[in-house]
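Comments concern the structure below.
None of the figures in this text is laboratory data; all of them are computed from the coordinates on show. Just so it is clear, the model here is predicted, and its values are computed rather than measured. A quick note on method: Cβ atoms are made from the backbone with ideal geometry, for glycine too, and the neighbour counts reach across all protein chains shown.
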Amino acid sequence: MLYHAFASPEVTTCRGNALKSFPTPAEIEALENYVFGVTPPTVEDLRARAGGAPLAVVVFASEYRPAVETVHRRHADMCHSRTGVARIGTRSEIHHPAARGYLPTVPGDGHAIAVSPCRYAAYVAALQVGLRDAHGPMHFLDPGKPTAAGDVRRDKSAGLRSAPSAGNRTRGDADRRFWIPLHKLFDGNECIAGYEISVRLAANHLNEKIRRAHLFFLGQGHNGGWYGPDIDKPPFVIRDGIAEFSTTTSDGSWLLKPVARPTLIEAAEYEGKPLTYRVPRSTGAKHWRVYESTLNLRPAEDSARKAPEYLHARHRLDADGEVNLNHATDIAKEVGKGDYWARHYVDYTADGWINVECEALALEIPRRLPAYSVIASPDFFPLVRQSQLVEWTDQSAPPDLLSAVWPVNPGRPDPLSSQRLAANLELRGAGFDPHDDTMTAIVGPLAPTNGAQRPLRPVSHVRASMLPDGASGVFAPGWDVSLDSAPADAEAGESNEKVLFLTNYGLGSPFPEDTMLCAALSSFWPAVAPDITRTFAPSRKYATATPLPDDVIGLDGSEPWDGIRGPIKGPDPDTLDYQALAYGDYVEAALAARFDLAVIGSVSATEYIARTLTMAMIYEALEATEPAQKANWTVLSFRPARPDDPDLKAAVAAHRRALDQRHTYRFEMVRHDGERRPHPDSRKFDRLIVPIKEHVLLFADPTIVLRRGTDATWAQPYERRR
């Protein structure tokens with residue numbers, strides 16, 4: 001009980017008074033080790049507990065959670081995954097004692113982003129079949145149930161492709177075997193009876209996105225300017241300065257912390273000079289093309305990505321210096337012509353593995369299994385966990401809305417923890433098994449869970465998740481992970497059946513190239529992806545799914561969260577003036593530290609879901625449920641409705657209907673029918689003019705929509721009936 005009191009983010013008061021101090025991570029760990037070591041088991045005890053199942057020393061990312069967030073959802077417990085997720089930032093980690101965790105927001109500095117660390121530990125683990133409502137896994141998959149984004153689907157208009165089925169859909173988790181923690185390993189003679197235990201973990205990480213880009217070019221007959229042995233050196237390949245285990249005593253053991261850097265990305269240099277690559281000509285090319293203004297490297301037929309999907313190509317280096325192609329009158333044409341040197345940029349996202357050494361058990365339990373470590377980009381919605389969206393989707397989302405909220409491409413918002421894929425098989429030192437597809441699953445300890453059901457209360461003190469249910473699954477464009485493929489048996493050659501695996505090097509180089517396109521296309525539901533669709537000139541295919549309020553995108557005169565302001569009034573009546581997507585550049589935003597996490601990062605999961613559901617209701621009220629119909633409408637204005645708004649009072653009075661005060665929103669929607677024109681001022685080549693066919697004012701909550709008609713009267717309310 002004392003351990004629960006120390007570890008739980010729900011224990012913040014004593015006899016009704018707020019606690020003034022909280023235990024450090026090291027103190028919580030000391031008590032945790034005592035729980036495991038107060039009666040040290042023998043190796044024979046562990047074998048008996050495993051029931052004859054194979055044993056191994058396994059590295060897990062581990063996190064204490066209240067009952068509502070555990071695998072079995074009966075009581076507070078530890079949760080574990082063989083995949084851990086840490087995130088980069090521009091400041092050192094910030095520990096929130098009451099929450100017993102970390103958040104990326106930096107008090108007083110919205111433009112700073114704190115790194116999000118991940119805690120690892122070694123356990124004696126047993127190989128067990130999946131068991132629902134016990135050790136798990138969380139997000140238990142039944143036979144035939146689609147995982148991730150389902151089958152391969154193409155989006156020909158955008159050149160995007162969603163992920164293939166993440167694992168064998170004919171096999172459920174009851175037929176899979178998972179490594180389940182049995183007993184934690186820690187230093188000393190109190191861990192396992194008769195042994196002096198010493199545990200050492202080692203972190204190994206790799207970012208080889210630039211190297212992979214040049215290998216891709218060479219494989220397709222283009223000389224990007226570099227080849228071996230240069231491309232085997234930094235920054236083509238980065239191994240150091242990515243993440244390190246903390247040496248601060250109060251942090252406890254094995255807290256992996258990404259290295260904080262002044263900016264999220266940096267201009268790449270090699271041998272003291274700017275590192276550039278020769279941009280290929282895209283006209284008629286099969287393996288690459290220009291999408292908006294980025295160089296898009298195409299995947300293989302099985303959706304495998306051997307290189308970054310997107311390469312930044314807008315900063316040209318000539319003999320006279322650097323030329324910013326964002327100032328060119330037709331940026332897509334300039335990039336498409338190629339045959340110039342573009343500057344490379346590096347980020348310090350990566351993937352890798354966490355090794356374990358424990359000589360004392362070398363004979364009794366010789367097998368050692370590393371964890372898969374993902375060093376991901378920042379989470380712009382740190383209070384929204386991907387698994388919360390999945391739970392709402394499975395149990396609360398109206399069935400007739402599912403196809404409207406999540407069209408076939410990209411599919412439902414599965415987290416990384418529901419993927420059934422191998423870890424990066426190209427990390428040669430890791431020794432990951434191509435047949436081991438349970439790396440990202442979240443499991444509980446191997447212990448009985450037949451205690452009384454505890455109340456499942458919402459967590460009041462939120463923190464960033466270190467486990468894969470707080471990360472996005474496999475999408476394209478990618479966000480946290482990407483996919484590659486390799487022969488299931490490396491010795492069998494190319495003719496052998498291939499297996500898909502997770503990797504970092506298929507993501508954009510640098511990562512903001514993916515970030516903006518994911519966000520701007522509104523086609524992806526990772527909790528980390530802000531929906532900026534309405535900031536740019538309307539797409540002919542994608543519509544807003546989870547709108548950002550007017551103040552976040554700068555429509556109320558405040559500074560936009562990403563430095564790119566939303567639409568303004570056009571030069572003619574019934575027109576709007578938009579930034580063209582091709583001229584939005586998140587690489588420049590990252591270099592200038594424009595992202596304001598304070599503005600966007602306070603959104604809760606409840607608010608995120610309410611916006612999404614209400615937006616879907618708006619489309620239904622407008623009789624726009626198909627993707628093409630939705631794309632003909634854009635959100636001109638979106639904000640929480642003020643109780644004193646005279647239009648809201650008129651709408652409520654007209655129908656005598658009350659709206660949910662927690663989630664009542666004011667929408668201005670405009671229909672444009674897909675028409676876009678160049679700005680009449682030739683100097684504003686980065687702007688597009690959109691003629692407006694219809695302008696509608698609506699007030700809505702997640703269950704009802706009040707719409708003002710063109711004759712200024714309020715139409716019959718639209719309500720969900722199924």
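Extension gain, GLU271-ARG177: 0.36 nm per intervening residue step, less the Cα-Cα distance, totals 29.0 nm. Sequence-ordered 3J(HN,Hα) estimates for the range 57-69 from the Karplus curve with 6.51, -1.76 and 1.60 and θ = phi - 60° stand at 8, 10, 8, 10, 7, 10, 8, 6, 9, x, 3, 5, 10 Hz, glycine and proline given as x. Relative contact order, whole percent, for the range 530-719 stands at 23, derived from Cα pairs under 8 Å and 6 or more residues apart.
Using C-alpha pairs below 8 Å separated by at least 6 residues, the relative contact order for the chain is 15 percent. Could you state, as a whole-number percent, how many of the C-alpha pairs of the range 11-91 are farther apart than 20 Å? Counting every Cα pair in the range 11-91, those more than 20 Å apart make up 60 percent.
Rg and Dmax over the alpha-carbon atoms of the range 530-719 stand at 16.7, 52 Å. Full extension of the chain between ASP551 and ASP320 gives 79.1 nm of extra length, using 0.36 nm per residue less the Cα-Cα distance.
Taking the C-alpha atoms only, the angle from helix 646-655 to the longest principal axis of the chain is near 90 degrees. Structure note, pairs LYS569/LYS693; LYS306/LYS541; LYS306/LYS337; LYS333/LYS630; LYS286/LYS337; LYS209/LYS337: Cα-Cα distances above 18 angstrom occur for LYS306/LYS541; LYS306/LYS337; LYS333/LYS630; LYS209/LYS337. Karplus-based coupling profile of the range 324-338, in residue order and whole Hz: 8, 6, 5, 9, 7, 5, 9, 5, 4, 5, 5, 5, x, 5, x, with θ = phi - 60° in 6.51 cos²θ - 1.76 cosθ + 1.60 and x standing for Gly or Pro. Dividing the convex hull volume of the alpha carbon atoms of the chain by its residue count gives 175 Å³ per residue. For the pair MET1 and ARG642 in one chain, pulling the backbone fully straight at 0.36 nm per residue adds 226.2 nm over the alpha carbon distance. Computed from point charges on the beta carbon alone (+1 for Lys and Arg, -1 for Asp and Glu), the dipole magnitude for the range 530-719 about its Cα centre is near 200 Debye. Think of the chain as a dipole: +1 on every Lys or Arg Cβ, -1 on every Asp or Glu Cβ, centred on the Cα centre; then among VAL374, ILE609, GLY284, ILE609 lies furthest on the positive end.
Among THR13, THR42, the ranking by other beta carbons within 10 Å of each residue's beta carbon, starting with the fewest, stands as THR13, THR42. If you put +1 on each Lys and Arg Cβ and -1 on each Asp and Glu Cβ, how big is the dipole of the range 595-658 around its Cα centre, in Debye rounded to 20? Roughly 200 debye, rounded to the nearest 20.
Taken over the C-alpha atoms, the range 283-368 has Rg and Dmax values of 21.5, 69 angstrom.
The label-point distance for LEU456 and ARG683, in a model that sets each label 7 Å from Cα toward Cβ, rounds to 6.0 nm. Packing-based ranking of 438-446, 244-252, 506-514 yields 506-514, 438-446, 244-252, ordered from highest to lowest mean Cβ neighbour count within 10 Å. Residues SER198, SER293, SER637 in ascending order of nearby Cβ atoms (within 10 Å, fewest first): SER198, SER637, SER293. When the alpha carbon coordinates of the range 673-722 are projected onto the principal axes, the ranges are 49, 26, 16 Å, largest first.
Centre-to-centre separation between the Cα atoms of the range 182-248 and those of the range 307-323: 28 Å. As a calculated quantity, the FRET efficiency between CYS14 and GLU391 at R0 = 41 Å, using C-beta atoms, amounts to about 0.80.
Only Lys, Arg, Asp and Glu carry charge here, each on its Cβ (+1 for the first two, -1 for the last two); on that basis the chain has a dipole of about 1300 debye about its Cα centre. In this calculation the C-beta distance from SER604 to ARG49 is compared with R0 = 41 Å, giving a FRET efficiency of 0.55.
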